[in-house]
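J.: Just dropping this structure here.
Computed from the coordinates by the stated procedures, all read-outs in this text should not be read as laboratory data. For clarity, every value in this text was computed on a predicted model and none was experimentally measured. When we count neighbours, we look across all protein chains shown, and the Cβ atoms used for this are built from the backbone with ideal geometry, even at glycine.
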Amino acid sequence: MGLAGAKPVTTPIELNQKLTSVEFDATIPLAHTDPSLEDPTSYQRLIGRLLYLTTTRPDISFIVQCLSQFMDCPKSSYMDIALKLVRYLKSAPGLGILMSSTGSNSLKVFCDTDWGSCINSRRSITRYLVKFGDSPISWKSKKQSTVSRSSAEAEYRAMASTVAEVVWLVGMFQELGVNISLPVSL
């Protein structure tokens, strides 16, 4: 891809950048058109590699989730965004998850939703992060399965998804013989 001499960047994507599908662009005419890639296989291979990388890099999970929605018909600007993401990864190649050797046996859970942020489907995005002591052990950034009618409804759906993950983690820790201090704050 010719990125060996590319200049690293500090952010993976521009702030508030919205990605739309080709079908959405056909129904909502814009001032400029963004052509589809003639051969999407290089885009698909790159996104596949980035999806694999999200297992150790939670900082890129949201943007990779956004880019992976357009695997069937990517636009040329999406390839540019994916290449910018690679340049972002180049800025800190050793960055990843570090597990702390000290800490408590408590879970810290952070949850948020972005109400109606997907302009293609008007679905909300659920995001959460679960930390064991000071170490992140589980995270997610996913589009909700249904359209929420209010921001409160979207928040409740995000909390329900997060609580399901916490219940599963507490059960897994119990099977491993690790005592988790309860209650777990969300």
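J.: Starting from the amide H of Lys75, placed 1.01 Å from N in the peptide plane, find each other amide H under 5 Å away whose residue is 5 or more places distant or on another chain.
T.: Leu37
J.: Between exposed trypsin sites (Lys or Arg not before Pro) in the chain, where DSSP calls loop and at most 15 other Cβ atoms lie within 10 Å, what's the longest gap?
T.: Here the longest segment lacking exposed loop sites spans 19-121.
J.: Can you give the Kirkwood hydrodynamic radius of the chain from its Cα pairs, in Å with one decimal?
T.: That comes to 18.5 Å for the chain.
J.: Shifting gears a bit: On a full-extension model of 0.36 nm per residue, what is the gain between Ile119 and Asp34, subtracting their alpha-carbon distance, rounded to one decimal in nm?
T.: Here the segment from Ile119 to Asp34 would lengthen by 28.9 nm.
J.: Each label point is 7 Å from the Cα along the Cα-to-Cβ direction; what then is the distance between the points at Ala164 and Lys18, in nm?
T.: 2.8
J.: Under unit Cβ charges (Lys, Arg +1; Asp, Glu -1), what dipole magnitude, rounded to 20 debye, does the chain have relative to its Cα centre?
T.: Here the chain has a charge dipole of around 260 debye.
J.: Here is a follow-up. Using amide H atoms built 1.01 Å from N in the peptide plane, name the residues 5+ places from Ser135, or on other chains, whose amide H lies under 5 Å from its own.
T.: Ser100
J.: Turning to a different aspect of this structure: Given C-alpha coordinates of segment 86-185, what is the ratio Rg to Rh with the Kirkwood estimate of Rh?
T.: Rg/Rh for segment 86-185 comes to 1.06.
J.: Apply the Karplus parameterisation 6.51 cos²θ - 1.76 cosθ + 1.60, with θ equal to phi minus 60°, to every residue of segment 72-87 and state each ³J(HN,Hα) to the nearest whole Hz, in sequence, with x for glycine and proline.
T.: 6, 9, x, 9, 5, 5, 5, 5, 4, 5, 5, 5, 5, 5, 5, 5
J.: Could you name the lysines in cross-link range of Lys131, using Cα to Cα under 30 Å and dropping any fewer than eight places away on the same chain?
T.: Leaving aside lysines fewer than 8 places away in the same chain, those within reach of Lys131 are Lys18, Lys84, Lys90, Lys108, Lys140, Lys142, Lys143.
J.: Using only the alpha carbons of segment 122-181, determine the length spanned along each of the three principal axes and report them from longest to shortest in whole angstroms.
T.: 42, 18, 16
J.: Another question about this same structure. Stokes-Einstein D for segment 22-91 at 25 °C, 0.890 mPa s, Kirkwood Rh over Cα pairs, in µm²/s?
T.: Reported coefficient: 192 µm²/s.
J.: Could you derive backbone 3J(HN,Hα) for segment 101-113 from the dihedral phi with the Karplus parameters 6.51, -1.76 and 1.60 (θ = phi - 60°), listing whole Hz in sequence and x where the residue is Gly or Pro?
T.: Each residue's phi maps through the Karplus curve to give 7, 10, x, 9, 9, 10, 9, 10, 10, 10, 9, 7, 9 Hz.
J.: For segment 22-91, what's the relative contact order in percent, using C-alpha pairs closer than 8 Å and at least 6 residues apart?
T.: 42
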